[in-house]
Amino acid sequence: MDNITASYLWRAELWLYITTLIYFLMNGAQIFETLVFVPKWIDSPPVNFKLLLEGRGASLKNFWIIFHSLHEITFILAIIFCWRIDFARNWLLILFAIHFGVRVWTLAFFAPNIINFQKIVESHSSVKDLVNKTSLWQTLNYIRVAIFIAVAIGLIPLCFKLSNFRL
């Protein structure tokens, strides 16, 4: 932890606080979506899948792409600006690895299933075990959101430790 100046520490704290704030804002949106929006489109599939359609429903694709991109940029900046502070760098790398794993899971499972649900309503096709598929999606989504919340909570002690870190 050589060459850590007050200016360096200030920038490290700033980017850590920014990424923590954005992560909690993202958690708020995820909780709202999970508790309010998801139950609406999960109820009575495929009839309520129309809520997922862009232009005719509440498609949240662009919102989540922008929000996650912004957050991941700030998270990476926090890692960069905390790099010379061992405990901060290491903890951020662990949290980012968990976050990244859940994002991969999101892109591999959740997003493709939402797209498939949208295609079902657009094509008026029927799908075997649709209720089970939507129920699984919803259950796994609870786990996904809980992990994202845990990562955000994991940032809090780091914020305190970094703010108490003195040269």
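Values quoted throughout were computed directly from the atomic coordinates according to the rules given, and no laboratory measurement underlies them. Note that this is a predicted model, so its numbers are computed, not measured. Quick reminder, even Gly has a Cβ in these numbers, built from the backbone with ideal geometry, and neighbours come from all protein chains shown.
Of note:
- Interatomic Cα distance distribution for region 68-167, bins of 5 angstrom, percent: 2, 10, 18, 18, 13, 10, 9, 7, 5, 4, 2, 1, 0
- Gained length - Phe100 relative to Phe32, 0.36 nm times residue gap less alpha-carbon distance: 22.3 nm
- Maximal additional length on extending the Glu122-Ile66 stretch stands at 17.6 nm, based on 0.36 nm per residue less the C-alpha distance.
- Multiplying the residue separation of Leu14 and Asn90 by 0.36 nm and subtracting their alpha-carbon distance yields 25.6 nm.
- Exposure proxy for Tyr142, Tyr23, Tyr17: other Cβ atoms within 10 Å of each Cβ, ordered fewest to most, give Tyr142, Tyr17, Tyr23.
- Loop-resident sites, region 19-91, for trypsin sites (Lys or Arg not before Pro), counting at most 16 other Cβ within 10 Å (DSSP): Arg56, Arg84
- The overall shape of region 16-114, judged from the alpha-carbon gyration tensor, is prolate: a/c is not under 1.5, and a/b is greater than b/c.
- Computing semi-axes √(5λ) of the Cα gyration tensor in Å directly from the structure and comparing it against (1) 31, 16, 12; (2) 31, 22, 17; (3) 39, 13, 12 singles out (3).
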